[in-house]
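Asker: Dropping the structure in here first, questions after.
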Amino acid sequence: MSVTVVGSLNEDVLVAVDRLPGRGETVVGRSVDIAPGGKGANQAAAAGLLGAGVHMVGRVGEDAAGDRQLAALAGSRVNVSRVHRTAGVPTGSATIAVEAGTGENLIVVVPGANAALAPADADVESVRRASVLLLQLEVPLETVAAAASVAAGTVVLTPAPPRPLPAALLELVDVLVPNEHELAQLAGAEPRERSPDELVALARSVAGCSVVVTLGARGALVVPADGPAVLQAPPPVGPVDTTGAGDCFCGAMAQALARGDALPDAVRYAVVAAALSTTGRGARGALPDDDAVRALLRQAPAAEPVG
């Protein structure tokens, strides 16, 4: 049983603000913090704290930020032997404005060494033999495709940041995990709020695989490749910062799938983990362990059929 993540490692610059700025507007921040981040590394850290056998494949620069990223992942029980140093480019970074009260955020990412992650980097044993392979789109698309093509286990893809996905890549994916905005972009639909029934229709239009649509405070919508869709709501928590909640969701779902849980059960587990992750600042400020998730699991509402 193992989970391997091929993806990005970033250093996050977290800026607390009273409200998020509008286009062209300047607001004054309350405070600034530096923390480890990157969609790939966040997913790996979440999975590592929830169970054993987690591996990270990625690139950092030959700089202090890279040192910090490797140390943080190792501290989350993640094997970093396939995270390579890259000369001449800095470790990736992300600037994140977080709104007080709501925990909502705005994020700007600079790829840095992540852009140098090559297809050959993904053709390794930890990818080929993983029970679950986690992928995102903060590294080159050809590297994502190369990893999916050699994987023997379950391939989970978060299509973020959103971009057009080749049909050949989608055919290699077992579980696609967009949020509702990413799903609309993949479907070529206008951005607006949609009912669960409408989201199910969109999900079935973009992929032949199973789709799990993350819905923030509303939980997650499970649209199996075959079978009825269900909506899994989260347990009640007091959110402080939603940064990285989707990454925690994916890491938790991957661990549950690697244990052999059915997709709806894995999503229930992941919704609880993601809810807990919003109770502290930063993408990894409140990542839970397995005991914390199981303690809150009984407070999660039962999944409701959709359609």
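The values are calculated or read from the model by the stated rules, or taken from the named source; none is laboratory data. Since the model is a prediction, treat every value here as computed from it, not as a measurement. As a convention, Cβ positions derive from the backbone with ideal geometry for all residues, glycine included, and neighbour counts pool all protein chains shown.
Asker: Only residues that are part of a helix (DSSP H, G or I), within 18 Å of the chain's Cα centre (by Cα) and of a type outside the set (A, V, I, L, M): list them for the range 58-96, please.
Answerer: Answer for the range 58-96, where residues must be part of a helix (DSSP H, G or I), within 18 Å of the chain's Cα centre (by Cα) and of a type outside the set (A, V, I, L, M): just Gln69.
Asker: From the list Ala64, Ala113, exactly one residue is farther than 30 Å from Gly188 by Cα, among the aliphatic types (A, V, I, L, M) and either surrounded by 17 or more Cβ atoms within 10 Å (Cβ to Cβ) or touching a strand residue (DSSP E or B) at 6+ places or on another chain (Cβ under 6 Å) (or both). Which is it? Before the answer, list the steps.
Answerer: Details: Ala64 fails: either surrounded by 17 or more Cβ atoms within 10 Å (Cβ to Cβ) or touching a strand residue (DSSP E or B) at 6+ places or on another chain (Cβ under 6 Å) (or both).
So the residue among Ala64, Ala113 that is farther than 30 Å from Gly188 by Cα, among the aliphatic types (A, V, I, L, M) and either surrounded by 17 or more Cβ atoms within 10 Å (Cβ to Cβ) or touching a strand residue (DSSP E or B) at 6+ places or on another chain (Cβ under 6 Å) (or both) is Ala113.
Asker: Being under 30 Å from Ala118 (Cβ atoms) and either at pLDDT below 95 or in a helix (DSSP H, G or I) (or both): is that true of Pro236 here?
Answerer: No; evaluated as a whole, the condition is false for this residue.
Asker: Only one residue in Arg268, Arg281, Arg294 is touching a residue at least 60 places away in the same chain (Cβ under 8 Å) and among the charged types (D, E, K, R). Which one?
Answerer: Just one listed residue meets the conditions, Arg281.
Asker: Is it the case that the range 170-187 has a residue that's over 26 Å from Asp241 (Cβ atoms) and free of Cβ contacts under 8 Å to residues at least 12 places away in the same chain?
Answerer: no
Asker: His55 is checked against (1) in a strand (DSSP E or B); (2) modelled with pLDDT under 95; (3) within 30 Å of Asp261 (Cα to Cα) and fails just one. What number does that condition carry?
Answerer: Looking at each condition in turn, His55 falls short on (2).
Asker: Inspect the range 168-175 for any residue being among the small types (Gly, Ala, Ser), surrounded by fewer than 20 Cβ atoms within 10 Å (Cβ to Cβ) and over 23 Å from Ala220 (Cα atoms) and give the result as yes or no. Step through it out loud before you land on a result.
Answerer: Here is the first cut: in the range 168-175, the ones among the small types (Gly, Ala, Ser) are 168.
When the remaining residues are screened for being surrounded by fewer than 20 Cβ atoms within 10 Å (Cβ to Cβ), the result is 168.
Filter once more, so that each one left must be over 23 Å from Ala220 (Cα atoms): 168.
Checked against the condition, which is being among the small types (Gly, Ala, Ser), surrounded by fewer than 20 Cβ atoms within 10 Å (Cβ to Cβ) and over 23 Å from Ala220 (Cα atoms), the range 168-175 yields at least one hit.
Asker: Then there's this: Only residues that are within 17 Å of the chain's Cα centre (by Cα) and among the polar types (S, T, N, Q): list them for the range 232-268, please.
Answerer: If the condition is that a residue be within 17 Å of the chain's Cα centre (by Cα) and among the polar types (S, T, N, Q), then Thr242, Thr243, Gln255 are the ones that fit.
Asker: Moving on. With the structure loaded, tell me whether Val206 is within 19 Å of the chain's Cα centre (by Cα), more than 14 Å from Ser277 (Cβ to Cβ) and not aromatic (Phe, Trp, Tyr) or whether it fails that test. Steps first, please.
Answerer: Working: within 19 Å of the chain's Cα centre (by Cα): no; more than 14 Å from Ser277 (Cβ to Cβ): yes; not aromatic (Phe, Trp, Tyr): yes.
In short, no.
Asker: Let me ask something additional. Among the candidates Gly37, Gly58, Gly75, single out the residue that is free of Cβ contacts under 8 Å to residues at least 40 places away in the same chain and closer than 21 Å to Ser277 by Cβ.
Answerer: On the way: Gly37 fails: free of Cβ contacts under 8 Å to residues at least 40 places away in the same chain; Gly58 fails: free of Cβ contacts under 8 Å to residues at least 40 places away in the same chain.
Just one listed residue meets the conditions, Gly75.
Asker: Here is a follow-up. Among the helices (runs of 4 or more DSSP H) contained in the range 102-183, which hold 2 or more residues that are within 27 Å of Val271 (Cβ to Cβ) and touching a helix residue (DSSP H, G or I) at 6+ places or on another chain (Cβ under 7 Å)?
Answerer: Working: elements: 119-122, 125-128, 141-150, 167-170.
So the answer is 141-150.
Asker: Return the residue satisfying two criteria in turn: it lies in the range 244-295 and is charged (D, E, K, R) and in a helix (DSSP H, G or I), and of such residues it is nearest to Ala160 (Cα to Cα).
Answerer: Restricting to residues being charged (D, E, K, R) and in a helix (DSSP H, G or I), the top hit is Asp247.
Asker: Of the numbered conditions (1) surrounded by 16 or more Cβ atoms within 10 Å (Cβ to Cβ); (2) over 27 Å from Arg129 (Cα atoms), Ala87 satisfies every one except a single condition; which is it?
Answerer: (1)
Asker: So which of Val124, Val98 ends up being surrounded by fewer than 21 Cβ atoms within 10 Å (Cβ to Cβ) and touching a Lys or Arg at 6+ places or on another chain (Cβ under 9 Å)?
Answerer: Working: Val98 fails: surrounded by fewer than 21 Cβ atoms within 10 Å (Cβ to Cβ).
When all the criteria are applied, what remains is Val124.
Conditions tested, residue by residue: (1) aliphatic (A, V, I, L, M); (2) closer than 12 Å to Val5 by Cβ; (3) in contact with a Ser or Thr (Cβ under 8 Å, 6 or more places away or on another chain).
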position: Ala122; (1), (2), (3): yes, yes, yes
position: Ser126; (1), (2), (3): no, yes, yes
position: Val132; (1), (2), (3): yes, yes, yes
position: Leu137; (1), (2), (3): yes, no, yes
position: Thr154; (1), (2), (3): no, no, yes
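Asker: Would you confirm, using the coordinates I've provided, whether Pro196 is touching a residue at least 40 places away in the same chain (Cβ under 8 Å), surrounded by fewer than 22 Cβ atoms within 10 Å (Cβ to Cβ) and more than 27 Å from Val110 (Cα to Cα)?
Answerer: yes
Asker: Determine, yes or no, whether Ala45 is modelled with pLDDT of 95 or more, touching a Pro at 6+ places or on another chain (Cβ under 8 Å), surrounded by fewer than 24 Cβ atoms within 10 Å (Cβ to Cβ) and not in a strand (DSSP E or B).
Answerer: On the way: modelled with pLDDT of 95 or more: yes; touching a Pro at 6+ places or on another chain (Cβ under 8 Å): yes; surrounded by fewer than 24 Cβ atoms within 10 Å (Cβ to Cβ): no; not in a strand (DSSP E or B): yes.
No, not satisfied.
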